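Trainee: Structure below; questions to follow.
The values are calculated or read from the model by the stated rules, or taken from the named source; none is laboratory data. Not measured: the values here are computed from a predicted model. Quick reminder, even Gly has a Cβ in these numbers, built from the backbone with ideal geometry, and neighbours come from all protein chains shown.
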Amino acid sequence: MNWTSGEESLTDLSGLLPRIDEAATAATREGAAAPALLIVELPPLGRLALDSSYELTAAAVERLERAVVHSGSVAVVGEGLLAVLAPRTGPRMAAALARRIEHCLELPPVGGGLPDGRVTVRIHELDPRTSAHEALAQAGVAVLAGRRHRELPVRKTGTAVPDARPSRTVLGDDLAEAVRAGRIGVVYQPIIGLQSGKIIGTEVLARWQHPSLGAIPPLDFVPLAHEIGAAGELGRLVLETALTQLGHWRNARQIDPGFILSVNASADQLRSLVDSGHVQDLLASTGADPGSLALELTEESFVTGAEHDARVLEQLRALGVGLHIDDFGTGYSSIGYLRRVPAALVKIDRTLLGDVAGDPREQRFIRAILDMVDALELGAVFEGVETPGQARGLSRLGASMGQGFHFSRPLAAPAMTALLADWGRE
């Protein structure tokens, strides 16, 4: 199953991808209902009465285009698989559209109908923060899981895409092999000094490009790594890749001495990296200054962590490696733990940012956050900065660091290297 190319002489997938991104952006901008991606799985093509699978697919596309002419776009995404993009579509409207799709495809054509009428429609509600490629990958995982788990009841119209649990079983072996072979990629999203305008660090994010499903989102494969016992090795691989790249930038004099490499880690990964000695070994082998490395844990990890995790955190501090709290403000906030853990910085979740450019209440809220972190002698990075107004507003309020699409999307190493070279040039 290839989710990055379709039948070019039918409805071309390359035309659908930008429309997915446009629909997601419009929903965010206008406050409208999130768009939906409906994946239509036709019966096994070899059992159909039509002369060829191409003719069947062409007939299905024609029917779908008539059915959704005012409410969506159609594309071929694989053999026997079609995608329908429905902008501004809430759950009820998506379910109704799925029923209409199922009905139109089960009407018997000349020469016979679809065998057993088994057309499956899965509804995937798009997250505006997810790219079109990632959205298709998530939908592809669900279809693959459904095909591998035929013992489960087949639910048809209006069925939500299955969650990651069955897909983890399907993809576990693939992920384990990718980790063993070092085929997990890394991207970098710069952290900007809002007062200086300089790139002062970067967050490191893992990426997995599945050979047939394409990009698998970290929200899917990172929990999977924990389930199959590969989380520690995944963390080591990402850390080694990032520290090696940091050395290249340092040797090329493309970063300042205070540049910070911030690497995401779960509590289990951190424990594994410290107890195994991987952090110490990798710092030594790459020649990296421990002060140039920070490990990020979510605030949930701090609040729910066991007492013995304090030992790991103290070992990390003894090494000279920084500790950052990620996603602060996502529901586990506790001022008490901020006073206990040896963290140097908190990353303020995008959901707390709001209209800092024009809303006085939001500005007072941000000032309160800044006062709190200042009282605790912590640094603060504001995540999700997406507009020039947000960047200017945060800067006027005294915020020192920001990160988000306004500055840059996550970049592969060559693109990040070019950005470091070009940043700030007139």
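Trainee: Determine, yes or no, whether residue 276 is over 27 Å from residue 380 (Cα atoms), at pLDDT 90 or above and not charged (D, E, K, R).
Mentor: On the way: over 27 Å from residue 380 (Cα atoms): yes; at pLDDT 90 or above: no; not charged (D, E, K, R): yes.
No; evaluated as a whole, the condition is false for this residue.
Trainee: Out of the residues in the stretch 122-145 that are assigned to a loop (DSSP other than H, G, I, E, B) and in contact with a helix residue (DSSP H, G or I) (Cβ under 6 Å, 6 or more places away or on another chain), state the one that is modelled with the highest pLDDT.
Mentor: First pass over the stretch 122-145, keeping only residues assigned to a loop (DSSP other than H, G, I, E, B): 126-131.
Subsequent filtering for residues that are in contact with a helix residue (DSSP H, G or I) (Cβ under 6 Å, 6 or more places away or on another chain) retains 126, 128.
Details: 126: 76, 128: 68.
My answer is 126.
Trainee: Something else about it: Can you tell me which residue in the stretch 170-210 is modelled with the lowest pLDDT, limited to those that are more than 20 Å from residue 250 (Cα to Cα) and of a type in the set (D, E, K, R)?
Mentor: 173
Trainee: A further question on this structure: Quick check on residue 216: is it surrounded by 19 or more Cβ atoms within 10 Å (Cβ to Cβ), at pLDDT below 85, in contact with a helix residue (DSSP H, G or I) (Cβ under 9 Å, 6 or more places away or on another chain) and in the same structural domain as residue 325 (by TED's automatic domain parsing)?
Mentor: yes
Trainee: Quick one: would you say residue 349 is in the same structural domain as residue 314 (by TED's automatic domain parsing) and without any contact (Cβ under 8 Å) to a residue 12 or more places away in the chain?
Mentor: On the way: in the same structural domain as residue 314 (by TED's automatic domain parsing): yes; without any contact (Cβ under 8 Å) to a residue 12 or more places away in the chain: no.
Judged against the criteria, residue 349 is not a match.
Trainee: Just checking, does the stretch 111-121 include any residue being at pLDDT 75 or above and within 19 Å of residue 65 (Cβ to Cβ)? Outline the logic, then answer.
Mentor: Here is the first cut: in the stretch 111-121, the residues at pLDDT 75 or above are 119-121.
The next check asks that each one be within 19 Å of residue 65 (Cβ to Cβ); those that pass are 119, 121.
Yes, the stretch 111-121 contains at least one residue that is at pLDDT 75 or above and within 19 Å of residue 65 (Cβ to Cβ).
Trainee: For the subset of the stretch 253-275 comprising residues that are among the small types (Gly, Ala, Ser) and in contact (Cβ under 8 Å) with a residue 40 or more places away in the chain, which member is surrounded by the fewest Cβ atoms within 10 Å (Cβ to Cβ)? Break it down into steps so the answer makes sense when it comes.
Mentor: Filtering the stretch 253-275 for residues among the small types (Gly, Ala, Ser) gives 258, 262, 265-267, 272.
Keeping just the survivors that are in contact (Cβ under 8 Å) with a residue 40 or more places away in the chain gives 258, 262, 266-267, 272.
Numbers: 258: 12, 262: 24, 266: 21, 267: 18, 272: 20.
By that ranking, first place goes to 258.
Trainee: Now, a different point. What pairs can you find where one residue is in the stretch 362-374 and in the same structural domain as residue 397 (by TED's automatic domain parsing) and aliphatic (A, V, I, L, M), the other is surrounded by 15 or more Cβ atoms within 10 Å (Cβ to Cβ) and in a helix (DSSP H, G or I), and their Cβ atoms are less than 6 Å apart, with a gap of 6+ or different chains?
Mentor: Qualifying pairs under 6 Å: 366/397.
Trainee: Return the only residue of 354, 402 being modelled with pLDDT of 90 or more and assigned by TED's automatic domain parsing to the domain that holds residue 327.
Mentor: Working: 354 fails: modelled with pLDDT of 90 or more.
Criteria check complete, one pass: 402.
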